[in-house]
Amino acid sequence: MTLTARLPYRAYIAFIHDIAMTAASFVLSLYLRLGSDVFRFVSPEVMVKSALVFTVIAAVVFRVMGLYRGVWRYASLNDLLAITRAVSVTVMVFLLVMFAWTRLEELPRSIPFINWFVLMALLGGPRFVYRTVKDRRIDLRLLQNRDQDRVPVLLAGAGDGAELFLRALSRAAHPGYRVVGILAEKWHRVGHNIHGVNVMGTLSEMDAVVDRLARRGEAPQRLVLTRDDMDGAQVRALLDSADSLGMILARLPRMTDFKSGLVDEIEVRPVAVEDLLGRPQMPLDRAAMRSFIEGRRILVTGAGGSIGRELVSQVVDFSPAQLALVDHSEFALYTVDQEVAAGTPGFPVWAVLADVRDRGRVDAIFAEFRPEVVFHAAALKHVPLVEANLFEGITTNVLGTVNIADASREAGVSTMVLVSTDKAVNPTNLMGATKRIAETYCQVLDLHGDGDHETRFVTVRFGNVLGSTGSVVPLFQKQLAAGGPLTVTDPNMTRYFMTIREAVELVLEASALGGRGPRREGKIFVLEMGEPVRIIDLARQMIRLAGLRPEEDIAIEITGPRPGEKISEEIFHHGEPLVPTECAGILLAAPRATDGPRLARAIDDLTAACADADAGRAIDLICALVPEYTPSPEVATVRPPLRAAAPGGR
């Protein structure tokens, strides 16, 4: 703030207040030092002259140091620090001026130091008194009606989130909630209070705390999570406890949802499935990710899919030189292209409508765009559909990957990243088997690469992604909206889950690891997925989150496993010994021995079998390439298509 900057009306009043306090502080300091005999030691002329100099210096310093950018109502530690700096500079400048002028002979030399404390009190005190009065909202009408129609809630967590929520409630004109107690995660906060609300116990003591509140006539109706990053297992346990005590589980708005200024209405949010299944955020090496992407030409296949769209969104944030979006779905491609245009206007994007199975089209795209990094996310992933559409699954997942990998090598791409799945480990379905062949092909190319300037092939494997198209969570949400039942194929079925954002962040980090430093020699990067979740437990929890009772309000129906479906997924094969990496959340699986020429011949034969619509031959070749795979009866008896597929050749 400069001297010529115009102050807002309220800041102008604060400025006048501070100037008056500055003048008063000088006189008060003299009185505190000399008592009633002040005029025996300091003449009125010296007092006025010195007070005037001190006040002028303060006026200049206060304006220059931007003391009026804060709002009194929200006076905080930052404002106190700003006042401290301004007062310290004022006193130091005053000392220098008076020493040069009078050698400090006309005033007691302790006056500047006494004045520092007095001025701090006169400037800071009124600000914090004003905030206290405003926050307490001393209004008899509100005090008389403060509990009317307010939902009693119990807060889970005694940290910054709880404090921020309580402050926001105190400022709201019509708060909808009344906090009756707080549960801490650690015992050392029990017995303390935050803004007058007692920390009554730990999370493990919830039953006893709720019982005490109920005896006082303050039984909470909601348990509100105050942290964004609670572990998913902890959230699931709190959901069960809250449900058993007749409470609805909710969470605070994210910290970024709180607006500065007056808050007219504070609403807690429903707990999302992501909260139930989420894990603490892994530390990410964003500098390495940026270095891998920034200034490079990036191509993403399957850009319109769930993973592809999130990949595109995060890649754009790291400022690539250009971005090519490839997808065979017109609507999906249009959607992701519009999202990039809306989020980053003017960013150089090439939206390409193409099928990765068409080798000629793939070669033309690579020749024109000349990508430096390729993310291959295009695949058919729905297990029952791939089981019923054998040739489409093979030509897309296997031959499409072969086309992209070969084009990457021939075009001199720096790094190609294959997005794979845990279903490729000991596959029981065609989708997993085809993805395992795709992994093997990229591993062989990476193992046989020569020199540091050859294309590196990075494979990243992870489990189920929350919210992706066709996954179980959107299915359950749709079934809930229809009134049930929720369909579960087997009561013992488990799956690994992670959010789309977390999966893509780790894909980018693994890609940065694989694309720099020593060659990883065909190793597969595996994202650490945490503990598997029982699908039937997930169904029950989603019903509870909707405020309903499992089996009472919404039924759960066991339908039996679908063709090719596994009861439990795995992320490592027993023949893939683990190798640690320098990044938390990312593991390396060592490659299994594979004969490159044999694999190339088998893929040529697989291409011919698909072209001839020879299902038996295609299945035999897949079983030879993936010995642990046993085809389901549905695949073994698959009918040939009305017209044979026509994949592009290698």
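How big is the gap, in Å, between the Cα center of segment 218-238 and the Cα center of segment 300-365? If we compute the Cα centre of each part, the gap is 39 Å. Couplings for segment 293-308, taken from phi via the Karplus curve 6.51 cos²θ - 1.76 cosθ + 1.60 with θ = phi - 60°, read 9, 4, x, 10, 8, 10, 10, 10, 8, x, 5, x, x, 4, 5, x Hz in order; Gly and Pro are left as x.
Computed FRET efficiency, Cβ-Cβ of Phe113 and Ala287, R0 35 Å: what is it to the nearest 0.05? Before the final figure, lay out the partial values.
On the way: r = 47 Å, r/R0 = 1.34.
For R0 = 35 Å, the calculated efficiency reads 0.15.
Which entries in the list Lys435/Lys566; Lys381/Lys523; Lys435/Lys478; Lys423/Lys478; Lys435/Lys523 go over 21 Å, if you measure between the two C-alpha atoms of each? Going by Cα-Cα distance, Lys381/Lys523; Lys435/Lys478; Lys423/Lys478 fall outside the 21 Å limit. Distance between the pseudo-spin-label points of Asp207 and Leu52 (7 Å out from Cα toward the beta carbon): 7.8 nm.
Ranked for footprinting exposure by Cβ neighbours inside 10 Å, fewest first, Ser306, Ser110 give Ser110, Ser306. Remark: segment 152-167, residue by residue, has Karplus-estimated 3J(HN,Hα) of x, 10, 10, 8, 9, x, 10, x, 4, x, 5, 5, 5, 5, 5, 5 Hz, where x stands for each Gly or Pro and the curve is 6.51 cos²θ - 1.76 cosθ + 1.60 at θ = phi - 60°.
Considering only alpha-carbon pairs that sit under 8 angstrom and 6 or more positions apart, the relative contact order computed for segment 274-376 is 31 percent. Remark: segment 321-327, residue by residue, has Karplus-estimated 3J(HN,Hα) of 5, 8, 9, 10, 9, 10, 7 Hz, where x stands for each Gly or Pro and the curve is 6.51 cos²θ - 1.76 cosθ + 1.60 at θ = phi - 60°.
Throughout, read-outs are computed from the coordinates displayed, never taken from laboratory work. For clarity, every value in this text was computed on a predicted model and none was experimentally measured. Don't worry about glycine lacking a Cβ; one is built from the backbone with ideal geometry, like all the others, and counts go over all protein chains shown.
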